[in-house]
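Student: Let me begin by handing over the structure; questions about it come next.
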Amino acid sequence: MSRERRNFPVAKEGMVFILPLAAITVILWSMWFPIAAGFFSLLTLFVIYFFRDPERSIPPEEKAILSPADGKVIQIEPCVEERFLKGPAIKISVFMTLFSVHVNRIPLTGRIADSSYFPGKFFCAHLDKASSANEQNALLLETLNGARVLLVQIAGIIARRIVCWVDRGDRVARGQRFGLIRFGSRLDIYLPQDIRIQAQKGQKTYGGQTILGYLP
């Protein structure tokens, strides 16, 4: 079974970074090393900010395809997806900077039909070759009406750890949290050709809230 995250403002996976940084900060302040302590204070606050996990208001339309990630749309193009869909699709890529929310969300209600992890390399996530060469985790989602959507979490030059909280066979709901990528990344979503696209290149997106398009 998939597990939805508890209502907590920071993703638990960030605690492995936050707690040591906070401890170092306290020690430095107690020993009165103000410059170093100030630096680690700011670093701790930034890491807390990076792993923030805000609640989102999920649009009610069941056929509305939600953005799986916060960031900016850097690519919208027809393509042929050979690994899972084995046919033509519309690919939308969302690039996440260090300042984006990095918790990913499910775009449509359905079931995880398949999944696959690829260790890969760590090119800059905005480059086209990142889609095929970088570390990535793919989830094939089958919707309630039989549409098939592919989600691909892609690590970037700084990100070195993809986290996924769902697995093959899990039932998932629109807007549900399903994973995150640590420290800068990208998410590609492959959609059926007959969708009505609403997203535009350069558009800012919010995971689980921005509508990328509509199923027919």
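The values are calculated or read from the model by the stated rules, or taken from the named source; none is laboratory data. Remember, predicted model here, so these are calculated numbers, not experimental data. Glycine also receives a Cβ, built like all others from the backbone with ideal geometry; neighbour counts cover every protein chain displayed.
Student: Working carefully through the options P68, P54, find the one that is touching a Pro at 6+ places or on another chain (Cβ under 8 Å) and touching a residue at least 60 places away in the same chain (Cβ under 8 Å).
Tutor: P68
Student: Which strands (runs of 3 or more DSSP E) does region 50-108 wholly contain that include 1 or more residues that are in contact with a Gly (Cβ under 6 Å, 6 or more places away or on another chain)?
Tutor: Result: 64-66, 87-96, 103-105.
Student: Restricting attention to region 190-205, which residues are of a type outside the set (S, T, N, Q) and closer than 17 Å to V152 by Cα?
Tutor: Hits for region 190-205 are Y190, L191, P192.
Student: Continuing with the same structure: Quick one: K201 ticks every box in (1) modelled with pLDDT of 95 or more; (2) assigned to a strand (DSSP E or B) except a single one, so which number is it?
Tutor: (2)
Student: Determine if region 62-83 includes at least one residue that is over 20 Å from V152 (Cα atoms) and either modelled with pLDDT under 95 or surrounded by fewer than 18 Cβ atoms within 10 Å (Cβ to Cβ) (or both).
Tutor: Within region 62-83, one or more residues are over 20 Å from V152 (Cα atoms) and either modelled with pLDDT under 95 or surrounded by fewer than 18 Cβ atoms within 10 Å (Cβ to Cβ) (or both).
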